[in-house]
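What follows is one structure encoded as structure tokens, with my remarks underneath.
The values are calculated or read from the model by the stated rules, or taken from the named source; none is laboratory data. Being a predicted model, the structure only gives us computed values, none of them experimental. Note: ideal-geometry Cβ built from the backbone for every residue, glycine included; neighbour counts use all protein chains shown. For accessibility, only protein heavy atoms count, side chains too; no ligands or nucleic acids. Shrake-Rupley method; radii C 1.70, N 1.55, O 1.52, S 1.80 Å.
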Amino acid sequence: MTKCIQLTNRLRQSRFFQDSLWAVMGNGIGYALLLLSGILIARLLGKDLYGEYGFVKTTMFHFAAFSTLGLGYTSTKFVAEYMTKDATKLTSIVHASINITAVTSCIIALLLFIFAHPLSDFLNAPSLVMPFRFLGFIVIMRALSTTQFGIMAGFGDFKKIAYANAISGVFMFSICIPLTYYYSLRGSLIALALSQILTVVFNWIFIHRYQRKLSNQVREKYVWKITMFSIPVALQELTFSLSKWIGILIITKFSSMGELGIFTASEMWGSVIFIIPNFLSNVILSHLSSCTDDIQKQRRNVRMMILVNLACTLVPFLLVYAFSSFIVSFYGDSFTGMVPVLRIIIFTTIFQCCSNVLSSEIIALNSTWPLFTIRAIRDALNVILGYTLISLHNGEKAAIDYAITTLVCMIVFTLMLYLYYKRSIAKLQKGYCHDK
């Protein structure tokens, strides 16, 4: 009993526990509502139109991730590091991060607007011209909010991140049903855009308030330094985004929007299971970046964070696996055949939660180029294996084939990360002993 009380007191005093609690509680409300919104949109649109919606939404996430040039992670590392190293540079770091994201996301949005027609023709889906052009604006908002969240995580302001996500989720849930009911696909995209705008506005208010509290700020140009550090991180986002997007194109080209709708709906549940590890990503990176000089502490933190991520993943994984048939029934009759796809996708999250911690540790150790190489191998394998399986079955089992591809690539990726992490820690330990 005494040990339980001591453990409870330690957890309450732990900053990592407090940050994690806010990240899970606040963001959990937002994502739960977004999940419900997705189910309702799927029922209203049907399998084929939901496939188009899923295509646009998935493209938005990946294009926005690339257009930030990896600043969702880089801004967290720089802000967290300079909070203890030299707090006078924080305002410059914040401004540089936002400016880089704004410029790159606007370029991506312009390209989407220009090439909307050729892209929709290539997919044999002329109805996607409007969604692609609308997507450009959503990409800008999503990219800005991603970098803003990274900055707030660096400040350790996970409570505000939770508030912003919860408010965005409530807003999305309240407007998606009437807009989708009256305006179909166009309405669902408008709801998505409005929720992203609201997130950016709230984040801007929170960051502005925090900046006003900073004193003795020195203006320096950090655009080049941050960009150089972010290049390998951005390339990681590029290869990942391209592989996922090419995979979607392969499903659409060799199969149908219906198969894409099944895969997209299944992936959403994978995101639900991975929700807590995903919320903890910036918490983990922030804490690992603040103790890079203590190797033993790093190793303890990595082990503890992997165990926490596994615990947070296994419980929802088992629940969703057990009730997968019941879950699929809510999507309607057009989603027949989704159960095996869903089960394969959610199994991927077990390896994903481990690789998430290892990736954060490698970034904290400034090994961004090796991480890019490992991710590029995974992403190339994803495209090759996905194309091979889908073409082998003539697109008849595209959703399940791509789910298998995703699982295999995630297993390979996790093993490669673990081997590199062990090698890096061994080298650091050897250098530390030599200095002694």
Checklist outcome for this item: Taking region 49-66 and keeping only residues that are surrounded by fewer than 22 Cβ atoms within 10 Å (Cβ to Cβ) and at pLDDT 75 or above, one is left with 49
Item to check | Residue under evaluation residue 20, criteria (1) small (Gly, Ala, Ser); (2) surrounded by 17 or more Cβ atoms within 10 Å (Cβ to Cβ); (3) at pLDDT 70 or above, criterion not met | outcome: (3)
Checklist outcome for this item: Of the candidates 184, 243, the one satisfying the condition of being part of a helix (DSSP H, G or I), on the phi > 0 side of the Ramachandran plot and either open to solvent by 60 Å² or more (accessible area, probe 1.4 Å) or of a type in the set (Gly, Ala, Ser) (or both) is 184
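Filter region 336-379 down to the residues that are of a type in the set (A, V, I, L, M) and open to solvent by 20 Å² or more (accessible area, probe 1.4 Å), then identify the one that is nearest to residue 325 (Cα to Cα).
Looking at residues that are of a type in the set (A, V, I, L, M) and open to solvent by 20 Å² or more (accessible area, probe 1.4 Å), I get 339.
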Item to check | Index of the failed condition, residue 237 passing every other in (1) charged (D, E, K, R); (2) in a helix (DSSP H, G or I); (3) open to solvent by 30 Å² or more (accessible area, probe 1.4 Å) | outcome: (3)
Checklist entry - Are any residues in region 401-415 without any contact (Cβ under 8 Å) to a residue 60 or more places away in the chain and open to solvent by less than 20 Å² (accessible area, probe 1.4 Å), and if so, which ones? => result 401, 409
Checklist entry - Is it true that residue 284 is under 30 Å from residue 126 (Cβ atoms) and either open to solvent by 30 Å² or more (accessible area, probe 1.4 Å) or touching a residue at least 40 places away in the same chain (Cβ under 8 Å) (or both)? => result no
Item to check | Residues satisfying the stated conditions in region 313-335, i.e. open to solvent by less than 40 Å² (accessible area, probe 1.4 Å) and in contact (Cβ under 8 Å) with a residue 60 or more places away in the chain | outcome: 331, 332, 335
Next on the checklist: Given the condition under 19 Å from the mean Cα position of the chain (by Cα) and open to solvent by less than 20 Å² (accessible area, probe 1.4 Å), answer yes or no: does some residue in region 387-400 qualify?
Outcome noted: no
Next on the checklist: Among the numbered criteria (1) touching an Asp or Glu at 6+ places or on another chain (Cβ under 7 Å); (2) free of Cβ contacts under 8 Å to residues at least 60 places away in the same chain, which one does residue 118 miss?
Outcome noted: (1)
Next on the checklist: Can you list residue pairs whose Cβ atoms sit under 8 Å apart, with the first residue in region 363-379 being among the small types (Gly, Ala, Ser) and the second being open to solvent by less than 40 Å² (accessible area, probe 1.4 Å)? Count only pairs 6 or more apart in sequence or on different chains.
Outcome noted: 364/77; 364/285; 364/288; 364/289; 364/298; 367/424; 376/236; 376/239
Item to check | Selection count where residues are open to solvent by 50 Å² or more (accessible area, probe 1.4 Å) and either part of a helix (DSSP H, G or I) or modelled with pLDDT of 95 or more (or both), scope region 421-436 | outcome: 10
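In region 212-224, what count of residues is obtained for those that are assigned to a helix (DSSP H, G or I) and touching a residue at least 24 places away in the same chain (Cβ under 8 Å)?
1
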Checklist outcome for this item: Sole miss for residue 260 among (1) more than 26 Å from residue 317 (Cα to Cα); (2) more than 15 Å from the chain's Cα centre (by Cα); (3) open to solvent by less than 10 Å² (accessible area, probe 1.4 Å) is condition (1)
Checklist outcome for this item: Among (1) open to solvent by less than 10 Å² (accessible area, probe 1.4 Å); (2) under 21 Å from residue 234 (Cβ atoms); (3) in contact (Cβ under 8 Å) with a residue 60 or more places away in the chain, residue 172 falls short only on (2)
Checklist entry - What are the residues in region 176-192 that are β-branched (Val, Ile, Thr) and under 17 Å from residue 56 (Cβ atoms), if any? => result 180, 190
